[in-house]
Amino acid sequence: MPSILESLRNQVVPAWHKQGLMDDPVSVTAGPLSVEQAIGNPGRSDFPIQKGKEKLMEACFRHARGQAFTDSYGTFSGTLAQVAALPLDGNFQRAVFVSVLNAVLRWQQCVTNTVHCKDCGPKDCARDLPAHIIRRYGRCRVTLAGMQPAMIESLAGVLPLRVVDLDPDNIGQERRGIGIEGADTAQDALAWADLLLVTGTTLANNSIGDFLQHTPQKPVLFYGTTIAGAAQLMGWQRYCPRSS
């Protein structure tokens, strides 16, 4: 059975062929952005990208931009055909493919909000999140996958909340009275929830299947720019109101 990323590739590549994009001398680049380039000055220093473990890869395709968070970053330059042929068995290759997918779909006007918000954007995004969840899903139990500090602070005390993360430096920490859980209790936290709030980075690191296996029994709401194109193609719900 193909992976989710392979299924996405199988869906878009025939269309790229049909539009003649594969053989044209198209330049596709992706490279890691600095913290300031990625999110500006959000007024705090505890976002994962500011800790240096992840960077935001940005692909440019015919002046359209697409992004993907990854912990395995570098630069890439080639044609769309070369991107389509990349093996999807490493975080770097997956991040290149995902960021390029987002850029191409943005150029095709199939998707919007593919570029990370800056400055006050992350704070405003988190501030509006509880109301968005209550309006769409009701007052439900939420498990947040990915240690997103502003979202934790916004949700804690408003909705029942558990947080799971894979970074050993985060596991065991406490934010607003919420303990950050690791892999040993992750399945219990996912089963407990009525709603899974999941970072789109799971698409690039290939852990997304761990969360989608709970659907349709419970909804999954992805957040971030990484999953912009995939969410549009697959009909997944995404929350990323301050991106551009």
Q) Yes or no: Thr143 hydroxyl-bearing (Ser, Thr, Tyr), without any contact (Cβ under 8 Å) to a residue 40 or more places away in the chain and more than 30 Å from Val12 (Cα to Cα)? A) no
(Q) Consider region 93-138. How many of its residues are more than 20 Å from Gly20 (Cα to Cα), open to solvent by 40 Å² or more (accessible area, probe 1.4 Å), assigned to a helix (DSSP H, G or I) and not acidic (Asp, Glu)? (A) 8
Q. Scanning region 87-122 for residues that are out of contact with any helix residue (DSSP H, G or I) (no Cβ under 9 Å at 6 or more places or on another chain) and in contact (Cβ under 8 Å) with a residue 24 or more places away in the chain, which turns out nearest to Asn206 (Cα to Cα)?
A. Trp107
Q | strands (runs of 3 or more DSSP E) enclosed by region 139-244 - at least 3 residues per element that are under 14 Å from the mean Cα position of the chain (by Cα) and buried (at least 18 other Cβ atoms within 10 Å of the Cβ) | A | 195-199, 220-223
(Q) Quick check on my filter: what residues within region 57-84 are touching a residue at least 60 places away in the same chain (Cβ under 8 Å), open to solvent by less than 20 Å² (accessible area, probe 1.4 Å) and not aliphatic (A, V, I, L, M)? (A) Gly66, Gln67, Thr70
Q. Name the pairs: first residue in region 6-31 and more than 13 Å from Val104 (Cα to Cα), second residue modelled with pLDDT under 55 and open to solvent by 50 Å² or more (accessible area, probe 1.4 Å), Cβ to Cβ under 8 Å, at least 6 apart or on different chains?
A. none
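The values are calculated or read from the model by the stated rules, or taken from the named source; none is laboratory data. Given the structure is predicted, the values throughout are model-derived calculations rather than measurements. Virtual Cβ from ideal backbone geometry, glycine too; neighbours counted across all protein chains shown. These accessible areas exclude ligands, DNA and RNA; they are computed on the full protein's heavy atoms, side chains included. Shrake-Rupley method; radii C 1.70, N 1.55, O 1.52, S 1.80 Å.
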